């Protein structure tokens, strides 16, 4: 049996809720392991909480790599014998970060999603898709905000694309990312180019970075990574990006509490219901999503029940993933927000 120690970096509220979220994340990940997993459950060893994977054989190095990337993983142990005193042997974890994970913790602002929750959504999207961490993944956040999801994508070495309608957020995000690359002494090129529009008056621009960890890596174009952020409307995603070009779509929808959605024909009026945003934007999102790719969205289930959102995805021919592993993500954030995620696959 293997035990995973939970990351102590969770804030107090999220730590209490995270056990069930971790079980769901591991359950989805277990389908990718080389050995069958009999059960995933929360256990207590000497007063410390762990997530236990009950398997009969040893994990392969690739299996350890998958578990090392999970959002809550702090340490992995192999438990020998039946009792805790029989011994826990630490398993060396895989070092996988392309950019340092601190990129997601540096920024502090009101309404920021817990970066570990964002990381979990990225993992679920990848693990539920037909792709792997070894593929040259491109991730799109269609409601990018200040860029937490994009930052998490860069940690994995994914190419990251975002759409954000608020100019201020786009400006602040591109300034932050440029400064981060400079401080970390990464080699990069920064550009701003028009991605849509017949003339300058209606032009939509993308702020784009092409970067590598060092000068040597940058010399090989195939080693470079990209981050691009479009200041535009998410319902036009298929106008900004090529069709069938994105492996994963991951976004944390506005919760309708601190800020609202901006849907079709709404330049500034907020709405508390994410259904309108999804209904308006989903055709364009699906158009840019590859076959076998997934969409993972978080939202406030107080303002829209999951079955209604699922119906919108199914109308567009997407398969909404269900079952215990996919139905265990709902949790309270505060008295006005009950957060959940929905996972849909382009079959």
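It is to be established whether one or more residues within the stretch 63-74 are within 23 Å of residue 286 (Cβ to Cβ), within 20 Å of the chain's Cα centre (by Cα) and modelled with pLDDT under 95. Checking the stretch 63-74: not a single residue is within 23 Å of residue 286 (Cβ to Cβ), within 20 Å of the chain's Cα centre (by Cα) and modelled with pLDDT under 95. Counting the residues of the stretch 32-48 that are in contact (Cβ under 8 Å) with a residue 24 or more places away in the chain, crowded, with 16+ Cβ neighbours inside 10 Å and either within 14 Å of residue 78 (Cα to Cα) or in contact with a strand residue (DSSP E or B) (Cβ under 6 Å, 6 or more places away or on another chain) (or both) gives 1.
Within the stretch 107-152, the only residue that satisfies the criterion of being free of Cβ contacts under 8 Å to residues at least 40 places away in the same chain and under 11 Å from the mean Cα position of the chain (by Cα) is 115. Restricting attention to the stretch 154-187, the residues being buried (at least 18 other Cβ atoms within 10 Å of the Cβ) and without any contact (Cβ under 8 Å) to a residue 40 or more places away in the chain number 2.
Considering each residue of the stretch 157-167 in turn, at least one proves to be assigned to a helix (DSSP H, G or I) and either at pLDDT below 95 or assigned by TED's automatic domain parsing to the domain that holds residue 320 (or both). All of (1) at pLDDT 95 or above; (2) surrounded by fewer than 21 Cβ atoms within 10 Å (Cβ to Cβ); (3) farther than 25 Å from residue 133 by Cα hold for residue 206 with one exception: (2). The residue list 53, 59, 150 contains one member that is on the phi < 0 side of the Ramachandran plot, buried (at least 24 other Cβ atoms within 10 Å of the Cβ) and assigned by TED's automatic domain parsing to the domain that holds residue 34, which is 53. Does residue 293 meet the test of being under 22 Å from residue 127 (Cβ atoms) and within 17 Å of the chain's Cα centre (by Cα)? Considered against the rule, which asks whether it is under 22 Å from residue 127 (Cβ atoms) and within 17 Å of the chain's Cα centre (by Cα), residue 293 comes out as yes.
The values are calculated or read from the model by the stated rules, or taken from the named source; none is laboratory data. From a predicted model like this one, the values you see are computed outputs, not experimental measurements. Note that each Cβ is placed from the backbone with ideal geometry, even for glycine, and that neighbours are counted across all protein chains shown.
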